[in-house]
Every structure is written in structure tokens, then in C-alpha cells.
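What follows is a set of notes on a single structure, which appears directly below.
The values are calculated or read from the model by the stated rules, or taken from the named source; none is laboratory data. On a predicted model such as this, the values are computed, not experimentally measured, just so you know. Note: ideal-geometry Cβ built from the backbone for every residue, glycine included; neighbour counts use all protein chains shown. Just so you know, the surface numbers come from the protein's heavy atoms only, side chains and all, with ligands and any DNA or RNA stripped out. Shrake-Rupley method; radii C 1.70, N 1.55, O 1.52, S 1.80 Å.
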Amino acid sequence: DTGLVTSYDYVRIFRTENGGQSFDTIKPFPYDEDAILGMSFINASQGWCTLRSSMGGQYKVYKTQDGGRKWNEISSASIGPKKIYFVNESVGYGAQYGGIVQTLDSGKTWSLKHTDYDNAYNSIWFINAKKGFAAGEHHTLKMTSDSGRTWASITINGFYDDYTDVRFFNDSIGYVTGLSGGIFKTIDGGLTWKRRALPPIYDFHSYQAIAFTSDSLVYIAGSAGSILKSSMAEVVADSLQAKNITPCTTLL
């Protein structure tokens, strides 16, 4: 029932506790903050958000411990995280232009874990403390299996545009979205990805955000007011090969 909506320039947070029937307006930030870039919660109480300040071009990190009612600034830097994901109270990751950063002290300080000056990362998501994904410009999709120390590139054949969001429902099922109608799904923890078929009217829309219900539905929102809904359930049959070297009487 509890949810948050953020606004862009002028920065505000709208909070609901009744499933969106009504919202309270929260104005927790100074007047010079002009955009909320990312937000991550580890439970119903503790969360972080990143903001860009129009004064001095600073990137700031704020933290809440009461479910988003009150926010306190905990760090500020000229080069800081934009999209963020916290795996626990101490460890978090941030995507920014030219790299991926990590914090080990709840967002107070950030260190560069991966450098890629040719790309801006638009989204970051971790399945667990070790395995995570980052998606960004120029069809850049990367995966780490060692808590961000090394990142391997993932290639999805036939897609050459920017990725906009990556998000996992559980250890196995995940989605990544992109411009020009790109929606891709994995059912094996990111090892392989398959493009999802869309109705013709939505083929060339740009998709920006992914969300899940607690059981079986995925929602994807994008350009021109489009919101798509689909079941995550599907049936997959593994291949079976039989080599009849000797007479076989086994029933399969």
C-alpha cells in the first residue's frame, strides 16, 4: 500500500499509504536541488535517493529512516552516483557517466569500481551482494559476479540502441528495456536474453521503467503514455537427445 512518486524540477516527493488513492506532499530538499536521479530502499523504512543540485553542479545523496517522510543529506560531490542500488545498510552501488561507483559506509563516501568513459549508465540492479547488472548507452549491458570488482559485457543480438532500465524479479527472472521498442527477458539469471514480442502499435516506443507485482506480473512504462502489462509465467522445454547405442527398453 505504501509508495513514493518523485517530481522533476521542482523537486518534491509524493507519498501514499493507501495504494495510491491519496498522496501526501513532502518537500524535504533545499530549493537549489533540481532533479531526483535515483532511489533505492532495502526495506520499508530505510532508503536513499540521489539528487542533482543546480548550485555548483553537485550530486548529493540523501537517506531516510522513516519510509521517506524525512530525508537527511549524507554526501555531496561534483562527480557522484546517479542511479543507485543498495544491497544492504552499508553496501551500495551507483551508476554514473563513465563508470560505476561503490559505497561501503551507507552512502557517505563513494569509490570508483569500474571505468567506462565512453558510456553513461542509466540503470543498476543487484540480485545479491555479488551479482549485479548495469545498463546504459550504446547497447551497453554488463554483469558482475564478484561485488563489482570486474564487469563482463553482455551482447543481445539485433539491438544497437541505448538501454534504459534493468531489473530482476528474483535470482532467475529479469528484464532490460531500451529505446526503439527494446524489451528483453532472461530466465537464467542473465546468461541469455530473449526479445519479447510487442503489439505493432508499441514496437518503436521507448521504454524507461520496469516494475513487478509480488507474484507474477511485470509492468513496463515508456513514451507516449504507454504502460504495458504481461505475465512473467512461461513454459520452456529443455532439449532431449537419445542415442540408441544398444537396444533400449526404458520408457520415457
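Have a look at Glu33, Glu73, Glu17 and point out the one that is more than 22 Å from the chain's Cα centre (by Cα) and open to solvent by less than 20 Å² (accessible area, probe 1.4 Å).
Only one candidate passes the filter, namely Glu33.
Residues in region 204-215 that are open to solvent by 60 Å² or more (accessible area, probe 1.4 Å) and assigned to a loop (DSSP other than H, G, I, E, B): Phe204, Ser214, Asp215. Pairing residues of region 116-128 that are under 16 Å from Gln102 (Cα atoms) with residues that are open to solvent by less than 10 Å² (accessible area, probe 1.4 Å) and of a type in the set (Val, Ile, Thr), at Cβ distances under 6 Å and at least 6 apart in sequence or on separate chains, gives Ser123/Val166; Trp125/Val166. Can you report the number of residues in region 104-115 which are part of a strand (DSSP E or B) and touching a residue at least 40 places away in the same chain (Cβ under 8 Å)? Selection size over region 104-115: 0. Screening the candidates Val236, Val218, Val176, Val166 for the property of being open to solvent by 80 Å² or more (accessible area, probe 1.4 Å) and among the aliphatic types (A, V, I, L, M) yields one hit, Val236. Scanning region 223-233 for residues that are in contact with a Leu (Cβ under 8 Å, 6 or more places away or on another chain) and outside any loop (DSSP other than H, G, I, E, B), which turns out most open to solvent (accessible area, probe 1.4 Å)? Residue satisfying both the conditions and the ranking: Lys229.
Give the residue that is nearest to the chain's Cα centre (by Cα), with candidates limited to residues of region 216-243 that are in contact (Cβ under 8 Å) with a residue 40 or more places away in the chain and under 18 Å from Asp188 (Cβ atoms). Among those that are in contact (Cβ under 8 Å) with a residue 40 or more places away in the chain and under 18 Å from Asp188 (Cβ atoms), it is Val218. Only residues that are under 22 Å from Lys130 (Cα atoms) and either open to solvent by less than 30 Å² (accessible area, probe 1.4 Å) or touching a Lys or Arg at 6+ places or on another chain (Cβ under 9 Å) (or both) were counted in region 151-162, giving 4.
Out of all the residues in region 40-68, which are at pLDDT 90 or above and either among the acidic types (Asp, Glu) or open to solvent by 60 Å² or more (accessible area, probe 1.4 Å) (or both)? Within region 40-68, Phe41, Asn43, Ala44, Gln65, Asp66 qualify. Pairing residues of region 144-162 that are closer than 18 Å to Asp203 by Cβ with residues that are aliphatic (A, V, I, L, M) and open to solvent by 30 Å² or more (accessible area, probe 1.4 Å), at Cβ distances under 9 Å and at least 6 apart in sequence or on separate chains, gives Asp161/Leu179; Asp162/Leu179. Residue pairs whose Cβ atoms lie under 9 Å apart, sitting 6 or more positions apart in sequence or on different chains, and linking a residue in region 187-203 that is in contact (Cβ under 8 Å) with a residue 12 or more places away in the chain and open to solvent by 70 Å² or more (accessible area, probe 1.4 Å) to a partner that is hydroxyl-bearing (Ser, Thr, Tyr) and in a strand (DSSP E or B), are Arg196/Tyr175; Arg196/Ser230.
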